[in-house]
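The values are calculated or read from the model by the stated rules, or taken from the named source; none is laboratory data. This one's a predicted model, so the numbers in the text were calculated from it and none came from an experiment. Cβ: placed from backbone, ideal geometry, glycine included. Neighbour counts: every protein chain shown.
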Amino acid sequence: EVQLVESGGGLVKPGGSLRLSCAASGFTFSSYSMNWVRQAPGKGLEWVSSFSGSYSYIYYADSVKGRFTISRDNAKNTLYLQMNSLRAEDTAVYYCARDRGNYYNLDYWGQGTLVTVSS
Amino acid sequence: QSVLTQPPSVSAAPGQKVTISCSGSSSNIGGNYVSWYQQLPGTAPKLLIYDSNKRPSVIPDRISGSKSGTSATLGITGLQTGDEADYYCGAWDSSLSAMVFGGGTKLTVL
């Protein structure tokens, strides 16, 4: 059974940093592109970043470029999101999601972890 | 303002059919696959349609997807109260080098 479990969310002050983790199980993690998608309270989905399974292609939304860094450890089956220079508008539930075939069809999602940026 | 445009809400009676539109451009829907997601309150999104018109094996055939030019449509027949949720379309945007989502459509089953 495919499982994605996010952790690392919490309350952080503006300008602070946080690292999210997504532990994957039930599939060959290294073979799949992985994504972070966020959802601000009461708002829609916003794609944040992706890391391909092969060739190590990495992409970011303009809203986080230069502040967030996505990485993965295939030996630990874990996806990460390092978030620096956090702003109030980064407050959201952050989901990790698997791409079923490199065409941005996100077939499995974690339960999400809440990041709150507030003083 | 979302790159992909969806109606904010749609409604229909139980047993009826509803369609949800998703409008984009040549750099996203026009040139790439579309996916559709259902999000029930307080839960993570769930993939309903991938590659514009394919259903995961767990999704019933009363749910369908289609694409024409720079627009896509999600169809749900035999509406049930359990279908009340938010629905999102998504696609890769080749110009932005980013995945983009629609703003979401709230389905109400009257």
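Results, tabulated for the structure shown:
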item	result
Test: residue in the range A:65-75 that is within 26 Å of B:Leu4 (Cβ to Cβ), in contact with an Asp or Glu (Cβ under 9 Å, 6 or more places away or on another chain) and among the charged types (D, E, K, R)	yes
All positions within the range A:61-119 that are aliphatic (A, V, I, L, M), free of Cβ contacts under 8 Å to residues at least 40 places away in the same chain and within 14 Å of chain B (Cβ to nearest Cβ)	A:Ala61, A:Val64, A:Ile70
Residue ranges of strands (runs of 3 or more DSSP E) in chain B with at least 2 members surrounded by 18 or more Cβ atoms within 10 Å (Cβ to Cβ) and either touching a residue at least 40 places away in the same chain (Cβ under 8 Å) or touching a strand residue (DSSP E or B) at 6+ places or on another chain (Cβ under 9 Å) (or both)	B:18-23, B:34-39, B:46-49, B:63-68, B:71-76, B:85-93, B:98-101, B:105-109
Unique match (being touching a Phe, Trp or Tyr at 6+ places or on another chain (Cβ under 6 Å) and in a loop (DSSP other than H, G, I, E, B)) among A:Gly66, A:Gly16, A:Gly42, A:Gly53	A:Gly53
A:Gly53 at pLDDT below 95 and within 26 Å of B:Leu48 (Cα to Cα)	yes
Residue satisfying all of: in the range A:49-58; of a type outside the set (A, V, I, L, M, F, W, C) and buried (at least 20 other Cβ atoms within 10 Å of the Cβ); farthest from the other protein chains (Cβ to nearest Cβ) among these	A:Ser49
Residue count, the range A:39-48 (criterion: of a type outside the set (Val, Ile, Thr) and crowded, with 23+ Cβ neighbours inside 10 Å)	2
